[in-house]
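Structure first, then comments.
What follows is calculated from the coordinates using simple rules that are stated; it is not laboratory data. Because the structure is a prediction, the values reported are computed rather than measured. Cβ placement follows ideal geometry from the backbone for every residue including glycine, while neighbour counts extend to all protein chains displayed.
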Amino acid sequence: KLQQTLALIKPDAYQHQQLIVYRILQEGFTIVHQKSFQFTQDQAALFYREHEHQPFYSTLTEWMASAPVYALILEKEDAIQSWRTLMGPTDANKARATEPTSLRALYGTDGSRNAVHGSDCSTSAQREINLVFDQQREPVTSTNT
Ligand code: CMP
């Protein structure tokens, strides 16, 4: 079904954003919103809270807050899985070995600096879209004032 997902171009691939956006369009995604921004440490910690007990959590969140990232809301049939396939395996070295045309193979560095992020399910997608694109939402209008 028609779905939306949140894509991030991480600091290590930020310089390649034009090539990545070109590839996204070539693969048939619609870009609903896009922006460049920098996470605060608190926002990065919240964004990755499902990993808070992982040994790499503080390294990951500090790195993600250290420099600008590029965020996109992507729409397509089966967008969540489709974007994960285009990204390739989490570890960029594994991606180069198994999915050499994937974005992580082309632009990632290793198992942590892996160029791009994608939501893992529709619940995460909604949460991540709200977290990153909060100011784009319609203001809530009160009906009883
Ligand atoms: P992402 O898809 O953004 O989701 C969680 C991130 O944690 C992942 O990409 C990597 O950047 C990072 N990550 C996942 N596994 C490891 C690991 N074993 N060591 C270091 N970083 C990791």
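One table, with the values for the structure above:
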| read-out | value |
| --- | --- |
| Residue among 7, 13 that alone is within 16 Å of the ligand (Cβ to nearest atom), closer than 16 Å to residue 85 by Cα, among the small types (Gly, Ala, Ser) and surrounded by 13 or more Cβ atoms within 10 Å (Cβ to Cβ) | 7 |
| Of all residues making up the range 78-97, the number that are buried (at least 17 other Cβ atoms within 10 Å of the Cβ) and either touching a Phe, Trp or Tyr at 6+ places or on another chain (Cβ under 6 Å) or among the hydroxyl-bearing types (Ser, Thr, Tyr) (or both) | 1 |
| Any hit, the range 109-131, residues being within 13 Å of the ligand (Cβ to nearest atom), more than 22 Å from residue 43 (Cβ to Cβ) and either assigned to a helix (DSSP H, G or I) or touching a residue at least 60 places away in the same chain (Cβ under 8 Å) (or both) | yes |
| Selection status of residue 105, surrounded by 16 or more Cβ atoms within 10 Å (Cβ to Cβ) and touching a residue at least 24 places away in the same chain (Cβ under 8 Å) | no |
| Test result for residue 61, within 23 Å of residue 17 (Cβ to Cβ) and near the ligand (Cβ under 9 Å from one of its atoms) | no |
| In the range 21-48, the residues that are surrounded by 16 or more Cβ atoms within 10 Å (Cβ to Cβ), among the aromatic types (Phe, Trp, Tyr) and either within 16 Å of the ligand (Cβ to nearest atom) or under 25 Å from residue 61 (Cα atoms) (or both) | 39, 47, 48 |
| Matching option when the condition is more than 17 Å from residue 127 (Cα to Cα), more than 13 Å from the chain's Cα centre (by Cα) and not β-branched (Val, Ile, Thr), among 89, 68 | 89 |
| Index of the failed condition, residue 69 passing every other in (1) in contact (Cβ under 8 Å) with a residue 24 or more places away in the chain; (2) more than 11 Å from the ligand (Cβ to nearest atom) | (2) |
